[in-house]
Amino acid sequence: MKFRTTFMIVMLALVAIFAAVNWQAFLAPTPLTLVFTDFQAPLGLVMLGVVVVLTAAFLLYVMALQTSALFEARRLTKQLDTQRELADQAEKSRFIELRGYLQSELQQLQQRQNAHLSALTNKIESVQQDIQQRGQLTENAVAAQIGELDDRLQRLGVGTTAVVRSTV
């Protein structure tokens, strides 16, 4: 229990014990005066009644206050749930937008990659063709030089068979 509740229960118990111990004094009649009339009544019993009425009023006030706080908390909880659902929906829509954006970016990246790949493939093919052409030219140049050397050797009288035998 909370400290205030415990304190109130202890105070009411002390008042009850005090009233029980002094019950005879509580019941003793005393002349009492209201502003416009006088009467005889037990002062202790009147004061005890005032304490009971004030305690009942206080308890009703506390119950009303707790009830209103409970209703307010329930209302705020509902509003919080509504706001949480709105935030979740907004977050979902942002994720969907982000997914769409990422997909479009990935598609663009794929297209760029494909374009670069085709350009690279074209470049490699052109380099291969150039290498083949140069290889062919080099082969032709070497064959021409060999043919020229062969002609020179034949003119000098050295046969190609002797050259081949000496290299083997």
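The values are calculated or read from the model by the stated rules, or taken from the named source; none is laboratory data. Remember, it's a predicted structure, so these values are computed and weren't measured experimentally. Cβ placement follows ideal geometry from the backbone for every residue including glycine, while neighbour counts extend to all protein chains displayed. Note: accessible area is taken over every heavy atom of the protein model, side chains too, but ligands, DNA and RNA are not part of it. Shrake-Rupley method; radii C 1.70, N 1.55, O 1.52, S 1.80 Å.
Spin-label model, VAL35/GLN136: points 7 Å from Cα along the beta carbon direction are separated by 12.9 nm. Placing a pseudo-label 7 Å from each Cα along the Cα-to-Cβ vector at LEU76 and ALA143 gives an inter-label distance of 9.7 nm. Shape analysis of region 17-168 based on the Cα gyration tensor places the equivalent ellipsoid semi-axes at 126, 20, 8 Å, largest first. Of the DSSP H helices in the chain, those with a Cα length along their own long axis of 18 Å or more and a mean Kyte-Doolittle hydropathy reaching -1.0 comprise 3-21, 43-156. Taking Cα pairs under 8 Å and at least six residues apart, what relative contact order does the chain come out at, in percent? Over the chain, the number comes to 7 percent. Protein heavy-atom accessible surface, 1.4 Å probe, per residue over the chain: 88 Å². Of all the accessible heavy-atom surface of the chain, with the other protein chains kept in place and a 1.4 Å probe, what percent is carbon and sulfur? It is 66 percent, rounded to a whole number.
For region 20-103, what D do you get in µm² per second when you plug the Kirkwood radius from alpha-carbon pairs into Stokes-Einstein at 10 °C and 1.306 mPa s?
Calculated translational D: 85 µm²/s.
Within the listed set ARG152, ARG99, ARG75, the Gaussian network model of the chain (springs between alpha-carbon atoms below 10 Å) gives the highest mean-square fluctuation for ARG152. For the charge dipole of region 54-168, defined by +1 on Lys and Arg C-beta atoms and -1 on Asp and Glu C-beta atoms about the Cα centroid, which residue among LEU117, GLY135, LEU65 has the Cα displaced farthest towards the positive pole? It is LEU65.
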